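The values are calculated or read from the model by the stated rules, or taken from the named source; none is laboratory data. None of these values were measured; they are calculated from a predicted model. Backbone-built Cβ (ideal geometry, glycine too); neighbour counts: all protein chains shown. All accessible areas refer to the heavy atoms of the entire protein, side chains included, with ligands and DNA or RNA removed. Shrake-Rupley method; radii C 1.70, N 1.55, O 1.52, S 1.80 Å.
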Amino acid sequence: MGITLFFLVLAPLCLLWINRPERLIQLMIIMGIFEASAAITVGGFGIAPNTLPAIAMVCYIGAQFLLGARYPGRARVWPLLIPLLVVAGWAILTSWLSPRFFEGRVYVWPQKSTPPFVITPLTPSSANLNQDLYLLLNIIIFVMVALYMTRQGAPGRPFHPVSILRAYFASVLLAFGFGVWQFASHVAHVPFPSDMLYSNPGWSILTEQTVGSLPRINATFSEPSAFGGYMAAGAFCAGWLILNDFPGTLVRITLAAAVAGVFLSTSATGIVTLGIGALIVVLMGVTIHAKRFLPMIKRRAVQFLIFSIVIMVLVTVMTPDLLTSLGTIVDSVTNKQDSESYNARSSTDLDSLQAAIDTFGFGVGWGNNRSSSLIPGLLAAIGIPGMLGLIWFAWRLISRVRSLRRMDRKLEDIQVVNGASAALAGYLVSACLSAPTITTASFYVFLALLISGIARAEGTQASKAPAPLFPPAERRSPNPGRIRGTAPSSIRG
């Protein structure tokens, strides 16, 4: 077993904040960018740095539950949690059943294999156990964070869920800083801590890629597409909050850094995700939120155009070779469908869809297949029943978020709902383009943040509702004027 610098830093912090779950959640969000690192290594397996604060948080909140703690919004939270819990239970159940029912009759791409990479028959094994354990831990984190974040805080220690969003902004800026550092290492040979950042033996690290003469940057992530996807999700979150009047300059700095980070990664996934996000904002600006968003979009578009022209002129004068590199990036994105990697990924997705068909829609089980993008991967893993459960879960969340549309968008709980939903949308769009699953704990924290924000906002909405004209007992009475057999007053008069 090996202990890294991350463990030496995180272990004291986890002990210091063991009774401050909100601090542990913030630490987990920030450490989530170090997905290619390990706090502890055991053979060919590495424990990610954000797992340490996650375990500390689960232990503390679990102990509170055992001691009888109950959080105020649990009655509103549990109905929103149940659909995803059902899907998770189905995923773990089929991970054991499907390889035994469909053994040798279905072909899958294994989670880990050595070259030459080949498709193999489905067989029962313990290879998917790690994926089941990660899913179980993420679901436990999801439930506990969702329940905990409905609390109101203690005297002298107010609880502000929006602080989790600010921790996310800090993680985006930190990831961007490492991206710039790595770029300087490639260009100017500045020392870069690769051994520390890429210490997880369970990941295949791609660090020596180029687009033309321009190096591809993956910062603290395992590959450039993961870095670009994370930056795009940060841009989704920051951009949507700015449109909804989120205060402060941190969110604006985060948006600029996130967009720059996407282009720094040279990732087609990140760039396309960013374009889809911009398209979504424009469509919402001319349809659902036309009165509020359209003038803002026009004003920001003009500012962005002027800023872009100034930057292009300066770049052309100072570093004319950079425009050639940018043209190379654009060509790599637009011609992605002609690349060998795109064809290989498309083939993997088609094989995953075929696996779902061969199992009559039940799926091969969680962790038994690895696709290239999210939808084929989910269909192959959890089948049609699991996908229907996820649609049920998403529909309930969307309907509850829409019911809060009339509330003041400057309220803290509404800001949390807006930020969490935008970040989740960014994660999902990038994963639909090039990720087999979403295993990062940060995604489940944002899901919990969204659900707890909905519960808190609905509680605020209910407390401000006008009181009923009659008490409940009188409203249930079929004849309020009759008391002990007497006639109503209107008749007696």
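The single condition among (1) closer than 21 Å to N418 by Cα; (2) surrounded by 22 or more Cβ atoms within 10 Å (Cβ to Cβ); (3) modelled with pLDDT under 90 that L147 does not satisfy is (3). Of all residues in region 74-85, those that are within 17 Å of V445 (Cα to Cα) and open to solvent by less than 50 Å² (accessible area, probe 1.4 Å) total 5.
Output the number of residues of region 397-436 satisfying the condition of being open to solvent by 60 Å² or more (accessible area, probe 1.4 Å), under 18 Å from the mean Cα position of the chain (by Cα) and farther than 30 Å from L129 by Cβ. Total meeting the criteria: 1. When restricted to residues that are under 21 Å from R166 (Cβ atoms), hydrophobic (A, V, I, L, M, F, W, C) and surrounded by fewer than 23 Cβ atoms within 10 Å (Cβ to Cβ), region 25-55 contains 1. Screening A69 on (1) open to solvent by less than 60 Å² (accessible area, probe 1.4 Å); (2) outside any loop (DSSP other than H, G, I, E, B) shows it passes everything except condition (2). In this structure, does P110 turn out to be under 21 Å from L135 (Cα atoms), open to solvent by less than 40 Å² (accessible area, probe 1.4 Å) and at pLDDT 90 or above? Spelling it out, it is not the case that P110 is under 21 Å from L135 (Cα atoms), open to solvent by less than 40 Å² (accessible area, probe 1.4 Å) and at pLDDT 90 or above. A Cβ distance below 6 Å, combined with a sequence gap of six or more or placement on separate chains, defines the contacts here; from region 366-377, residues that are farther than 14 Å from L428 by Cβ reach residues that are among the basic types (K, R) in the pairs S372/R345.
Every residue, every condition in (1) crowded, with 16+ Cβ neighbours inside 10 Å; (2) in contact with a Gly (Cβ under 8 Å, 6 or more places away or on another chain); (3) at pLDDT 90 or above, yes or no:
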{"position": "Y134", "(1), (2), (3)": "yes, no, no"}
{"position": "F169", "(1), (2), (3)": "yes, yes, yes"}
{"position": "L197", "(1), (2), (3)": "yes, no, no"}
{"position": "S225", "(1), (2), (3)": "yes, yes, no"}
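Hey, any hits in region 365-376 for a residue that's crowded, with 19+ Cβ neighbours inside 10 Å, closer than 19 Å to P83 by Cα and small (G, A, S)? So far as region 365-376 goes, yes, one or more of its residues are crowded, with 19+ Cβ neighbours inside 10 Å, closer than 19 Å to P83 by Cα and small (G, A, S). Here region 235-279 is the region considered, the condition is being without any contact (Cβ under 8 Å) to a residue 12 or more places away in the chain and part of a helix (DSSP H, G or I), and the residue that is most open to solvent (accessible area, probe 1.4 Å) is L279. On the basis of being at pLDDT 90 or above and either outside any helix (DSSP H, G or I) or surrounded by 13 or more Cβ atoms within 10 Å (Cβ to Cβ) (or both), does A487 make the cut? No; evaluated as a whole, the condition is false for this residue.
In region 239-266, the residue that is nearest to G426 (Cα to Cα) out of those that are modelled with pLDDT of 85 or more and among the polar types (S, T, N, Q) is T254. If I ask for residues that are surrounded by fewer than 22 Cβ atoms within 10 Å (Cβ to Cβ) and within 24 Å of the chain's Cα centre (by Cα), which ones from region 1-12 would you list? Matches in region 1-12: L10 only.
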